[in-house]
Amino acid sequence: MVSDAVEKGRARTGGANVKPSKDVRVGDLVEIEIEHVLWQVNLLGICEVRGPAPIAQTLYAETDSGRKKRVAENERRKTYREPAAALQGRPTKRDRPIIDKLSGSD
């Protein structure tokens, strides 16, 4: 997911978008947007080879302010209901009179 965010331009270091070839350094603050949720992490270390997730998790730490914002956004998403969630596809012929009546066009 992080590599997808980098390729799509949803990862930033120092406020600037990064490309996959961008070198990062220990101590950099990296902001990554995954599914409209912003993660802010400080790099604690860099590994030269790809390894297991538990080792990778020791190489970064999420910032406290970033964690608070992320948790608040997740809570907001739980309580928010998408207005068009009940709609499925295009209106049918049976739906047209109801839509016309609700919109006030007779």
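The numbers here are math on the coordinates, done by the rules we state, and not lab data. Just so you know, these numbers come straight off a predicted model, no measurement behind them. Here the Cβ positions follow ideal geometry from the backbone for every residue, glycine too, while neighbour counts run over all protein chains shown.
For the stretch 29-47, indicate whether the set of residues that are exposed (fewer than 10 other Cβ atoms within 10 Å of the Cβ), over 13 Å from the mean Cα position of the chain (by Cα) and not polar (S, T, N, Q) is non-empty.
No, that holds for no residue.
Do any residues in the stretch 40-51 that are touching a residue at least 40 places away in the same chain (Cβ under 8 Å) and closer than 16 Å to Thr63 by Cβ have Cβ atoms under 9 Å from those of residues that are surrounded by 12 or more Cβ atoms within 10 Å (Cβ to Cβ) and basic (Lys, Arg), where the two are at least six apart or on different chains, and which pairs are they?
none
Any residue at all in the stretch 61-68 that is exposed (fewer than 11 other Cβ atoms within 10 Å of the Cβ), of a type in the set (A, V, I, L, M, F, W, C) and more than 13 Å from the chain's Cα centre (by Cα)?
Looking through the stretch 61-68, none of the residues is exposed (fewer than 11 other Cβ atoms within 10 Å of the Cβ), of a type in the set (A, V, I, L, M, F, W, C) and more than 13 Å from the chain's Cα centre (by Cα).
List the helices (runs of 4 or more DSSP H) that sit entirely inside the chain and contain at least 1 residues that are touching a helix residue (DSSP H, G or I) at 6+ places or on another chain (Cβ under 8 Å) and of a type in the set (Lys, Arg).
none
If you go through the stretch 96-105 one residue at a time, do you hit one that is on the phi > 0 side of the Ramachandran plot and over 23 Å from the mean Cα position of the chain (by Cα)?
Scanning the stretch 96-105 turns up at least one residue that is on the phi > 0 side of the Ramachandran plot and over 23 Å from the mean Cα position of the chain (by Cα).
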